[in-house]
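A short write-up of the structure that comes next.
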Amino acid sequence: MRSLELLLPTLRWRDPMARNRAVALLVRMGPLAVPPLLARLEDAETAAERRAAADALGRIGDSRAVARLLWALEDPAMTVRRASIVALLRLEAMNAVPRIARMLEDESGGVRVIAADVLGKFEDPRAVSALVRALGDVQWYVRQTAATALGQIGDRRAIAALEKATRDPRKSVARAAAAALRALRA
């Protein structure tokens, strides 16, 4: 299809607004766009193009993308790793939870915070121990998001760690931990 051939190269454009518009058009094409997007996710030269492919694949909602998105969690670019985590959530890929939980140890705080947020949205108890460890992260925003995620999951195994987190020196972390405890005890 000619429009597909014209749209795919736009994924590498530097202008994020134009690139996002191209993603939206590819999403409207649906399953037809999946095979070339999978190829772009795997072997595109630029991180912008790989990130856009991951974004589009998540928005299309085709489960054929799950395996390739799991593979993309190892991408050298943190923007691609973040987009892949969000795409896996959009695809409701419950089998991705353990792999996303491991992303809480990523070198990038931006990846860790997205991973914590997504794990909370999955509400899967398999993520509890990794999120409890994330309550000790060096970045306050990761600790805060981990506390919130633990409240969303609602697993009582997190109570002791959340009680400790209510004494975090960063007030927003302590408040998030207190809110999570209230949710767990409700």
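See the values below:
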item	result
Enumeration of residues in segment 64-86 that are small (Gly, Ala, Ser) and closer than 15 Å to Gly110 by Cα	Ala77, Ala83, Ser84
Count of residues meeting criterion [surrounded by fewer than 17 Cβ atoms within 10 Å (Cβ to Cβ) and over 16 Å from Val128 (Cβ atoms)] in segment 154-177	7
Condition check for Val111: surrounded by fewer than 22 Cβ atoms within 10 Å (Cβ to Cβ), assigned to a helix (DSSP H, G or I) and among the hydrophobic types (A, V, I, L, M, F, W, C)	no
Residue in segment 65-77 that is crowded, with 16+ Cβ neighbours inside 10 Å, over 11 Å from the mean Cα position of the chain (by Cα) and of a type in the set (Val, Ile, Thr) present	yes
Per-region count, segment 1-46, residues closer than 21 Å to Ala77 by Cα and among the basic types (Lys, Arg)	4
Leading residue by the ranking (farthest from the chain's Cα centre (by Cα)) among those in segment 94-110 that are of a type in the set (A, V, I, L, M) and over 17 Å from Gly136 (Cβ atoms)	Met94
Residue list for segment 148-178, restricted to those being within 14 Å of Val118 (Cα to Cα) and β-branched (Val, Ile, Thr)	Thr148, Ile153
Test: Thr145 is within 18 Å of Arg112 (Cα to Cα), among the β-branched types (Val, Ile, Thr), assigned by TED's automatic domain parsing to the domain that holds Val128 and surrounded by 16 or more Cβ atoms within 10 Å (Cβ to Cβ)	yes
The listed residue being outside the structural domain of Gly120 (by TED's automatic domain parsing), modelled with pLDDT under 95 and in contact with a Lys or Arg (Cβ under 9 Å, 6 or more places away or on another chain), out of Thr79, Thr10	Thr10
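The values are calculated or read from the model by the stated rules, or taken from the named source; none is laboratory data. Because the structure is predicted, anything quoted here is derived from the model rather than measured. Quick reminder, even Gly has a Cβ in these numbers, built from the backbone with ideal geometry, and neighbours come from all protein chains shown.
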